1. Quick check on the exposure proxy: order TYR171, TYR3 from fewest to most C-beta atoms within 10 angstrom.
2. Specify whether the C-alpha gyration tensor of segment 1-117 places it in the rounded, prolate or oblate class, a ≥ b ≥ c being the square roots of the eigenvalues: rounded for a/c under 1.5, otherwise prolate if a/b is larger than b/c and oblate if not.
3. Could you work out the relative contact order of the chain? I mean the mean sequence separation of Cα pairs under 8 Å and 6+ apart, divided by the number of residues, in percent.
4. Taking the Cβ of THR153 as the centre, find all other residues whose Cβ is under 13 Å away and add up their charges (Lys, Arg: +1; Asp, Glu: -1).
5. Starting from the Cα gyration tensor of the chain, take the square roots of the eigenvalues, sort them a ≥ b ≥ c, and report rounded, prolate or oblate (rounded when a/c is under 1.5, otherwise prolate if a/b is larger than b/c, else oblate).
6. Placing unit charges on C-beta atoms (Lys and Arg positive, Asp and Glu negative, everything else neutral), compute the dipole magnitude of the chain about its Cα centre in debye, rounded to 20.
7. For ARG195, ARG59, ARG95, ARG113, which order do you get if you count the other beta carbons within 10 Å of each Cβ and list the fewest first?
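Read-outs throughout are calculated quantities, based only on the coordinates presented, and are distinct from any laboratory measurement. All values reported here derive from a predicted model rather than from experimental measurement. Cβ sites come from the backbone with ideal geometry, for glycine too, and all protein chains shown count toward neighbours.
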Amino acid sequence: MSYRQNVLDPLINNNPITVQILGLCSALAVSSSLVPALIMSIAVIVVLAFSNVAVSLLRKLMPNSIRLILEMALIASAVIVVDELLRAFAPEVSRMLSVFVGLIITNCIVLSRAEVFAMHNGVGASFLDGVGNGLGYSVILILVASCRELLSTGSLLNYQLLPLRADGGWYVGNELMLLAPSAFFIIGLLIWALRSWRQQQVEKPEFSELAKEHREAF
């Protein structure tokens, strides 16, 4: 895979949310408005890039028996630094994101890229893979947050785009968009749209030997 593919492939062809179905927890929790989604996106990109580079640099020195523990320690170190920087320079956003920045440690995307890619590739490719997967995550998170904020309040980043009826306009905000399950519906629609457009992303059912025998019997 070329360096260009490392960055571009996770945007659509192998998106961590819509194709790999990873990182959904934070996509549901912080996507009610655009500001926390943007900050979370930047945080995930930074953590992914750092952890991939660190794991790639140390991959030949890590004992196999404690490999995952060391990877988690590297990821946790990056998350702690990002969390402290947010508390120092953006306390309001830090309070808005609450515990979810810290939970990047458990984000499946971060550990999967460290284990699947960075452990087997050089520093440059690993860095670009981290940035690419962070961008792929960010694109979906920002799309979901934009839809939820616009449909719930009629605004984006405090700019009123749809005039609310309460202020003499015509739009009635949909408060259901403020609830986390609404993100499931939007992500589901995005997955449906992408797989309708790109048929190769449609999952092909695989049958076990028992299922095959059962199917043949009937």
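1. In increasing order of surrounding Cβ atoms, one gets TYR3, TYR171.
2. Values: a/c = 1.98, a/b = 1.28, b/c = 1.54.
Cα axes put segment 1-117 in the oblate bin.
3. 31
4. Every neighbour counted, the sum reads -1.
5. Numbers: a/c = 2.18, a/b = 1.22, b/c = 1.80.
Here the chain falls in the oblate category.
6. The calculation lands at about 280 debye.
7. Details: ARG195 15, ARG59 19, ARG95 10, ARG113 25.
Arranged by neighbour count, lowest to highest, ARG195, ARG59, ARG95, ARG113 become ARG95, ARG195, ARG59, ARG113.
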